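The values are calculated or read from the model by the stated rules, or taken from the named source; none is laboratory data. Predicted model only: the values in this text are computed from it and were never measured. Neighbour counts are summed over all protein chains in view; Cβ atoms, including those assigned to glycine, are modelled from backbone coordinates with ideal geometry.
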Amino acid sequence: MHPDTPSARFGPVTVYFGEKSGKYPDGNQVIVHGGDTVVAFDTPKVANRLGAAVFDDAIDMVVLGHVHEDHMCGLHRLPHAPVHVHERDVEAARSWEGLRQHFGYPAPALDAFRTKLDTEFTYAPRPDAISYKDGAAWDLGGGVRVRAVHLPGHTAGHCALVVEPAGIAFIGDIDLSTFGPYYGDATSNLGDFRRTLARLPELDATVWITSHHKGVYTERAAFEDALRAYTARLDEREAGLIERLRAAPASLDELAAGGFLYPAGFPSPSAKAIERRSISQHLDELVAAGRVVAPQGSNLYAWAD
Ligand SMILES: [Zn+2]
């Protein structure tokens, strides 16, 4: 292991923390040691700082909790290891075309993003990725099991990976960050994310590991506090939109001009598309609830008084 990579051990699970507790673009690497099989959950950037003694041939199998560029960075070092992905995300792991549809940004943003994937994320698609379904379980020997629990929203196939019987849950990009939930891609879904957040406390776990930012929770009360604050970001975003629309009707383009998720001028070619996708899902909810009037004869959304 790289001497600068901090780690923590929870029974059969070792977590290698990325830079700044795995803040994007880095992440936290989880490795599970069963009696006869060693599994990596995702392969964030930090994986590329791990030595061959704990990575490369030491990994028998990969289970991806979901597909995004920052969770695939170490796959290029594991060509021998089968890669398992939930059926709703598997095409995104198999090819660049699949990943393009998964993100769903306009073509120029995707083309710019592809360059970033190659230069900063050691991107390696896996045409051989194997699909799994909700409830899939892998027996790692020695009484250690991994179970996938489908918790969509961030992506359509996002899953928690629970190590049993230890009760250690890798909850991926339900990352409990101060940024809040991310649902800005084509296959993301705000309604699904809301249901996922409501179900998360039901996971049979005593340790919760996130991909980014917070890292590890070992106290249920602290985990649930963080989950409440994270969930509240949805209400704060909705309240911001309502305030804008109460002041004056606005088009989706105007609402997405910056500041909803990212500061105006945020240096990402896909930021605009992500803002639009995220805001439009809140607008759909507000229209369905009769609180906002959808554009009629113009492109303006209006507050329904
Ligand atoms: Zn993600």
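Search the range 138-179 for residues being aromatic (F, W, Y) and over 17 Å from P201 (Cα atoms), and hand back the single one that is nearest to the ligand (Cβ to nearest atom). Per the criteria, the residue is F179.
Suppose we filter the range 202-214 for residues that are in contact (Cβ under 8 Å) with a residue 60 or more places away in the chain and away from the ligand (no atom under 16 Å from the Cβ); how many remain? Full working, then the answer.
Here is the first cut: in the range 202-214, the residues in contact (Cβ under 8 Å) with a residue 60 or more places away in the chain are 207, 209-214.
Narrowing the set further to residues that are away from the ligand (no atom under 16 Å from the Cβ) leaves 207.
Number satisfying all stated conditions: 1.
Please pick out the residue among R77, R94 that is under 20 Å from A148 (Cα atoms), of a type outside the set (S, T, N, Q), more than 16 Å from the ligand (Cβ to nearest atom) and in contact (Cβ under 8 Å) with a residue 12 or more places away in the chain.
Working: R77 fails: under 20 Å from A148 (Cα atoms).
Going through R77, R94 in turn, the sole match is R94.
The residues of the range 25-57 that are touching a Pro at 6+ places or on another chain (Cβ under 8 Å) and away from the ligand (no atom under 15 Å from the Cβ), listed by number, are V32, H33, G34. Are any residues in the range 201-240 farther than 30 Å from L252 by Cα, surrounded by fewer than 21 Cβ atoms within 10 Å (Cβ to Cβ) and among the hydroxyl-bearing types (S, T, Y), and if so, which ones? Selection gives T206, T218. Among the conditions (1) within 21 Å of P44 (Cβ to Cβ); (2) within 16 Å of the chain's Cα centre (by Cα); (3) small (G, A, S), A205 misses just one, which is (2). Beta carbons closer than 9 Å, at least 6 apart along the sequence or on distinct chains, pair a first residue in the range 45-74 that is at positive phi with a second that is more than 16 Å from the ligand (Cβ to nearest atom) for D56/L50; D56/R77; D56/L78; D56/H80. Listed by position, the strands (runs of 3 or more DSSP E) contained in the range 114-199 that have at least 3 residues being of a type outside the set (D, E) and out of contact with any Pro (no Cβ under 7 Å at 6 or more places or on another chain) are 145-150, 159-164, 168-172. Looking at this structure, is D60 acidic (D, E), at pLDDT 95 or above, more than 16 Å from the ligand (Cβ to nearest atom) and over 20 Å from D139 (Cα atoms)? It is false that D60 is acidic (D, E), at pLDDT 95 or above, more than 16 Å from the ligand (Cβ to nearest atom) and over 20 Å from D139 (Cα atoms).
Pairing residues of the range 130-157 that are of a type in the set (S, T, N, Q) with residues that are away from the ligand (no atom under 16 Å from the Cβ) and part of a loop (DSSP other than H, G, I, E, B), at Cβ distances under 9 Å and at least 6 apart in sequence or on separate chains, gives S131/E87.
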